[in-house]
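Q: Take a look at this one; I'll ask things after.
The values are calculated or read from the model by the stated rules, or taken from the named source; none is laboratory data. Small disclaimer: the values here were computed from a predicted structure and weren't measured. We place every Cβ from the backbone using ideal geometry, glycine too, and count neighbours over all the protein chains shown. Calculation scope for accessible area: heavy atoms of the full protein, side chains included, ligands and nucleic acids excluded. Shrake-Rupley method; radii C 1.70, N 1.55, O 1.52, S 1.80 Å.
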Amino acid sequence: MRVLRVSLSRYNPPLRRHRSTVAATPSEIPILGHSYPTDSYTNITPTIVSKLSRRLHAQDGHPISTLRSLIENHFPDYAHLSSLSPVVTPYQNFDSLSFPADHPGRSKTDSYYINKDVMLRTHTSAHEVDVFTSGEARWLLTADVYRRDEIDASHYPVFHQMEGANIFGTDDASVGAVERDIQRLERQLAESNIEIQDVQHITATNPAQPSHDPRHSEIAARHLKLSLNSLMYELFAGVGGATKENPLQVRWIEAYFPFTSPSYEVEVFFRGKWLEILGCGVVLQSTLDRSNVANKMGWAFGLGLERIAMILYSIPDIRLFWSEDMRFLSQFTSGKISTFKPYSKYPASYRDVSFWQPDNGIHDNDVYDLVRDVAGDLAEDVAVIDRFTHPKTKRHSTAFRVNYRSMDRSLVNEEVNALQDQVVSRLKEQLRVEIR
Ligand code: PHE
């Protein structure tokens with residue numbers, strides 16, 4: 001059931017006539033040392049603001065930071081960038097990458113807006129034009145990215161991505177250098193215990209760009225694939241123990257992104273499952289035109305670091321990355337991948353709430369953000385357990401189950417009740433629902 005979307009953040013509660021426990025909308029919000037005016041787009045929450053300065057990817061010894069440095073070491077002659085602000089414009093995040101005007105990612109229900117002109121980046125691709133414009137031709141960029149999403153063991157509204165790109169001139173000398181690198185990578189992979197399920201570089205449904213010489217598109221796609229196959233081998237073969245009999249399996253799949261063509265996804269078979277690792281493709285020429293490097297072409301990829309770190313370190317819950325508990329942090333050494341030893345799992349405790357939606361409807365993501373704001377990382381999981389439309393009144397009812405669990409201690413019943421009471425009262429006050 002998709003419903004009308006209304007503005008529902010704590011910073012932007014509906015007008016109220018009566019005394020309320022919900023903070024009034026401040027006219028400005030301080031973010032990373034800068035004050036921003038709020039407006040009807042504002043949906044960033046205090047919980048999210050509190051993550052902006054954590055910078056896990058730069059925290060020495062943290063798995064996210066170690067994974068970043070392992071990938072950086074694999075691309076030694078690339079520029080390594082990791083300190084760009086998460087605050088970007090919708091132009092940077094979407095328009096500079098040719099996202100259509102009606103792309104769902106732009107909506108307030110999917111992305112965090114500080115106001116209508118400023119948002120939190122939803123992917124590291126938001127910086128492609130800036131980095132290409134600055135003159136970098138080969139670069140890696142690591143950053144925290146923000147998306148409004150569900151709550152469970154593998155979804156968190158903040159995660160880390162690494163973007164990589166390589167662009168080259170289309171003159172014979174530059175193309176020749178890429179061809180030599182293709183040969184180097186081919187030789188290296190031929191010696192490795194890796195089995196690659198490939199797709200054709202270019203097809204009718206995954207076309208080369210009309211402005212490109214098809215020979216150059218082919219070379220860019222081949223260099224992209226070899227560079228990433230070699231990275232996958234570096235990351236997964238060591239930990240997984242690839243052998244001649246049991247090679248690392250990597251599979252390429254045709255994909256679509258608004259800012260690359262052809263586009264692909266990469267999956268790796270690890271511990272019995274195919275895992276989606278990254279998206280990539282040949283950079284849309286309009287991106288490079290906007291970056292004043294119209295004479296170059298090349299490729300880009302974006303990968304999710306938590307995803308990969310959870311697998312390599314056997315970290316079972318994405319919330320653990322944000323833990324400041326020494327039982328978590330002290331397990332890791334900078335530069336080294338090790339297997340996480342879980343400390344005791346404390347008991348979970350769930351509470352259900354069901355309500356009638358207000359006439360203008362609410363989005364599930366509004367409920368997730370509200371729970372996150374009340375319970376922080378004590379909310380392990382939030383799931384819709386029932387949807388129902390009253391046959392006569394046509395009113396919509398939704399039931400959610402919130403699973404509370406601390407990773408560091410046992411929660412007592414009173415504490416869980418108090419959290420759930422707050423969830424319920426904020427549902428009533430902020431989202432204007434009628435509890436059933
Ligand atoms: N930005 C894309 C994502 O977040 C990944 C991507 C990066 C795809 C670069 C293509 C090229 O899903």
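Q: Which condition breaks for P262 when tested against (1) over 18 Å from the mean Cα position of the chain (by Cα); (2) within 14 Å of the ligand (Cβ to nearest atom); (3) over 19 Å from N166 (Cβ atoms)?
A: (3)
Q: How about segment 178-216: which of its residues are among the hydroxyl-bearing types (S, T, Y) and farther than 22 Å from V250 by Cα? Walk me through how you get there before you give the answer.
A: Kept after step one, since they are among the hydroxyl-bearing types (S, T, Y), are these residues of segment 178-216: 192, 203, 205, 211.
S211 - this is the single residue of segment 178-216 that is among the hydroxyl-bearing types (S, T, Y) and farther than 22 Å from V250 by Cα.
Q: For segment 158-171, what are the residues that are small (G, A, S) and either part of a loop (DSSP other than H, G, I, E, B) or within 14 Å of the ligand (Cβ to nearest atom) (or both)?
A: Taking segment 158-171 and keeping what is small (G, A, S), we get 164-165, 169.
Of everything in segment 158-171, those that are small (G, A, S) and either part of a loop (DSSP other than H, G, I, E, B) or within 14 Å of the ligand (Cβ to nearest atom) (or both) turn out to be G164, A165.
Q: Give segment 280-338 a look and list any residue that's more than 16 Å from the ligand (Cβ to nearest atom), of a type in the set (K, R) and within 15 Å of the chain's Cα centre (by Cα), or say none.
A: Listed by number, the list holds a single entry, R319.
Q: Starting from residues that are out of contact with any His (no Cβ under 8 Å at 6 or more places or on another chain) and not in a loop (DSSP other than H, G, I, E, B), keep the ones in segment 324-350 and report whichever is least open to solvent (accessible area, probe 1.4 Å). Write out each step before concluding.
A: Within segment 324-350, the first condition is being out of contact with any His (no Cβ under 8 Å at 6 or more places or on another chain), and the residues that meet it are 324-328, 330-331, 333-350.
So of that shortlist, the ones also not in a loop (DSSP other than H, G, I, E, B) come out as 326-328, 349-350.
Working: M326: 119, R327: 87, F328: 0, S349: 27, Y350: 126 Å².
Looking at the filtered set, the residue picked out is F328.
Q: Another question, if that's okay. Applying the selection to segment 256-266, what residues are out of contact with any helix residue (DSSP H, G or I) (no Cβ under 7 Å at 6 or more places or on another chain) and open to solvent by less than 20 Å² (accessible area, probe 1.4 Å)?
A: First, the residues of segment 256-266 that are out of contact with any helix residue (DSSP H, G or I) (no Cβ under 7 Å at 6 or more places or on another chain): 256-257, 260-261, 263-265.
Listed by number, the residues that qualify are T260, S263, Y264.
Q: Which members of segment 303-323 meet the condition of being part of a loop (DSSP other than H, G, I, E, B) and among the aliphatic types (A, V, I, L, M)?
A: The answer is I315, and nothing else.
Q: Which condition breaks for H160 when tested against (1) without any contact (Cβ under 8 Å) to a residue 60 or more places away in the chain; (2) within 20 Å of I44 (Cβ to Cβ)?
A: (1)
Q: Working only within segment 351-374, note down all residues that are of a type in the set (A, V, I, L, M, F, W, C) and surrounded by 21 or more Cβ atoms within 10 Å (Cβ to Cβ). Spell out how you get there, then give the answer.
A: First, the residues of segment 351-374 that are of a type in the set (A, V, I, L, M, F, W, C): 353, 355-356, 362, 367, 370-371, 374.
Scanning segment 351-374 gives F355, I362, V367, L370, V371, V374.
Q: Between residues in segment 116-129 that are among the polar types (S, T, N, Q) and residues that are more than 10 Å from the ligand (Cβ to nearest atom) and in a strand (DSSP E or B), which pairs lie under 6 Å by C-beta distance while being six or more apart or on different chains?
A: T124/L141; T124/A143
Q: Something else about it: With the requirement that a residue be surrounded by fewer than 18 Cβ atoms within 10 Å (Cβ to Cβ) and within 17 Å of E136 (Cβ to Cβ), what does segment 275-293 give you?
A: D289, N292
Q: Then there is this: Could you check, for segment 179-186, whether at least one of its residues is free of Cβ contacts under 8 Å to residues at least 24 places away in the same chain, among the polar types (S, T, N, Q) and in the same structural domain as L70 (by TED's automatic domain parsing)? Break it down into steps so the answer makes sense when it comes.
A: Here is the first cut: in segment 179-186, the residues free of Cβ contacts under 8 Å to residues at least 24 places away in the same chain are 180, 183-184.
After this cut, where a residue has to be among the polar types (S, T, N, Q) as well, the list is 183.
With the extra rule that they be in the same structural domain as L70 (by TED's automatic domain parsing), the set shrinks to 183.
Yes; the residues of segment 179-186 include at least one that is free of Cβ contacts under 8 Å to residues at least 24 places away in the same chain, among the polar types (S, T, N, Q) and in the same structural domain as L70 (by TED's automatic domain parsing).
Q: Could you give me the residue pairs with C-beta distances under 7 Å whose first residue belongs to segment 279-290 and is at negative phi, whose second residue is in a helix (DSSP H, G or I) and near the ligand (Cβ under 9 Å from one of its atoms) wherever it lies, and which are 6+ apart or on separate chains?
A: T287/L97; T287/E128
Q: May I ask you to list the residues in segment 111-130 that are within 12 Å of the ligand (Cβ to nearest atom) and of a type in the set (A, V, I, L, M)?
A: A126
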